[in-house]
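Structure, as structure tokens:
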């Protein structure tokens, strides 16, 4: 893992908390390989899954988590 990925991961864990960060990172990493879906479709699937798991978390925070995880995946 490179420095950028480490910084993104550590900052995200601090901001989002360990459980949310681990789950969003896993979901984004998993769906990233699905070439049949467009970017917005992938985002919608991840958001729907996160909303089901973390129903008490605000939409803004879930969107932030998805963006951070996307940056993290791209930095690998």
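Every number in this text was worked out from the coordinates using simple rules, so none of it is lab data. Only a predicted model underlies this, so the values are computations on that prediction, with no experimental measurement involved. Neighbour counts are summed over all protein chains in view; Cβ atoms, including those assigned to glycine, are modelled from backbone coordinates with ideal geometry.
The set of residues in region 1-19 that are part of a helix (DSSP H, G or I), out of contact with any helix residue (DSSP H, G or I) (no Cβ under 6 Å at 6 or more places or on another chain) and within 18 Å of residue 60 (Cα to Cα) comprises 11, 14, 15, 18, 19. Filtering region 17-42 to residues that are free of Cβ contacts under 8 Å to residues at least 24 places away in the same chain and buried (at least 16 other Cβ atoms within 10 Å of the Cβ) leaves 31, 42.
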